[in-house]
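To keep things clear, I will list the structure first and then write my remarks on it.
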Amino acid sequence: MKGKENTSSLLLPPASVTVTDITPTSATVSWTPQIGTGSTVSYNKVGLPGSGGTNYTTSNSITITNLTQCTTYEVKVSYVQAGGGYSAPVIFTTPMWYCMENSTATITPYLYASNITLNATDLPSMTSSSTGTKAYADYRSDPTRKVKLVRGSTNNAISVTKAGPATQNPTTIGIWIDYNGDRAFDSTERILYSSNSTDMNPTATFNVPLQAGQVDCKVAMRVISNTTPYFSNCGPTAEIQDYEVEFIDPVSLNVNEREMINREINIYPNPVGDILNISGVSEAMDYEIYNAAGQKSGEGKIYNYKIDVHHLSKGVYFIHLKDKAARLKFIKK
């Protein structure tokens, strides 16, 4: 019929775009398949068009490589032959490099941590079960194993269950949290140490420094199991497990706030000039901005998922979202 555009051949952009298996240098993108068309995957550093690349595939998933650690990316997917345009961008952040994480040995250790339970003060607990199938297990991309801790909190509790043939003899378990984000696990960051012991279920309580996690990238909790009390934080050992750690400001957390902090929050570009974009929040949320000295530099409501920061001087700032247990660091250029 004349006067009407024929859109029967157009398809909506891909749905259910997800990003999984995120490492410091790669990530896997998946989406709903569509018969009869290939797909184009476009990715860039957030706020920097042209900084990434575009890949074509006939599959419904692809692994992006050559990424940069501690960097926030956006990725979107389009059906090539369908003409429906790109999907909404999905935001993800690559973690930082830690020693030993390039180990892919699929061996069964003589000793491993089969169950780890962390009961954080004022936050839900995290439990991780392992079958000990390889010497190094990186769980940082698994949201169900994310460790959440309140800055300045006390009496957080952690317990470990040993497993493997070596448990019939004295063995050693050590757990560290990289509080300062220097990618090293220092003696002052050790939260549990059971040395040359026959105890099958070591436990410990620990306090979190008030200034923990003041870096741009998520840090790690490392669990090391070994058959002797002498080992390096980077191996060789019987087994190493790594977990992502998220630090939350010490605010009063009710049930609704606990549910809200499970959602990812991203700000970009960072460094920022005039307008700071924010995702993962409600549009009208109240915010406060503080400088590095702790002085309030601004406040207001988020409008159209943007915050005007043109009035700020150059430097480091923290934005606090009043309805969320979150504080995000950004740099004003």
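Here are a few things to note about the model shown:
- Counting the residues of region 11-43 that are outside any loop (DSSP other than H, G, I, E, B) and within 18 Å of the chain's Cα centre (by Cα) gives 6.
- Among strands (runs of 3 or more DSSP E) entirely within region 255-333, having at least 2 residues that are farther than 22 Å from residue 73 by Cα and either assigned by TED's automatic domain parsing to the domain that holds residue 73 or at pLDDT 70 or above (or both) singles out 286-291, 296-301, 315-321.
- Number of the condition not met by residue 12 [criteria: (1) in contact with a Leu (Cβ under 8 Å, 6 or more places away or on another chain); (2) not assigned by TED's automatic domain parsing to the domain that holds residue 75]: (1)
- Selection within region 70-97 - hydrophobic (A, V, I, L, M, F, W, C) and farther than 21 Å from residue 56 by Cβ: 70, 91, 96, 97
- The residue of region 127-141 that is modelled with the lowest pLDDT, among those that are among the hydroxyl-bearing types (Ser, Thr, Tyr) and outside any loop (DSSP other than H, G, I, E, B), is 136.
- Per-region count, region 172-186, residues crowded, with 22+ Cβ neighbours inside 10 Å and part of a loop (DSSP other than H, G, I, E, B): 3
- The set of residues in region 145-168 that are under 25 Å from residue 231 (Cα atoms) and in contact with a Leu (Cβ under 9 Å, 6 or more places away or on another chain) comprises 147, 157, 158, 159, 160, 162, 163, 164, 165, 166, 167.
- Residue match in region 102-109 (condition: surrounded by fewer than 18 Cβ atoms within 10 Å (Cβ to Cβ) and at pLDDT 85 or above): no
- From the list 88, 163, the lone residue that is in the same structural domain as residue 207 (by TED's automatic domain parsing) and aliphatic (A, V, I, L, M) is 163.
- Test for residue 120: is it under 18 Å from residue 219 (Cα atoms), under 23 Å from the mean Cα position of the chain (by Cα) and at pLDDT 90 or above: yes
- For region 137-171, the candidate set comprises residues that are more than 24 Å from residue 26 (Cβ to Cβ) and of a type in the set (D, E, K, R); within that set, the residue that is surrounded by the most Cβ atoms within 10 Å (Cβ to Cβ) is 162.
- Residue in region 105-126 that is part of a strand (DSSP E or B) and β-branched (Val, Ile, Thr) present: yes
- Taken over region 10-37, residues that are farther than 29 Å from residue 138 by Cα and loosely packed, with under 15 Cβ neighbours inside 10 Å amount to 4.
- Those residues of region 41-54 which are out of contact with any Gly (no Cβ under 8 Å at 6 or more places or on another chain), surrounded by 15 or more Cβ atoms within 10 Å (Cβ to Cβ) and without any contact (Cβ under 8 Å) to a residue 60 or more places away in the chain, in sequence order: 41, 52
- Residue 167 meets the conditions (1) touching a residue at least 40 places away in the same chain (Cβ under 8 Å); (2) touching a Pro at 6+ places or on another chain (Cβ under 6 Å); (3) of a type in the set (S, T, N, Q) in every case but one. The failed one is (2).
The values are calculated or read from the model by the stated rules, or taken from the named source; none is laboratory data. Here the structure is a predicted model, which means the values were calculated and not measured. A quick note on method: Cβ atoms are made from the backbone with ideal geometry, for glycine too, and the neighbour counts reach across all protein chains shown.
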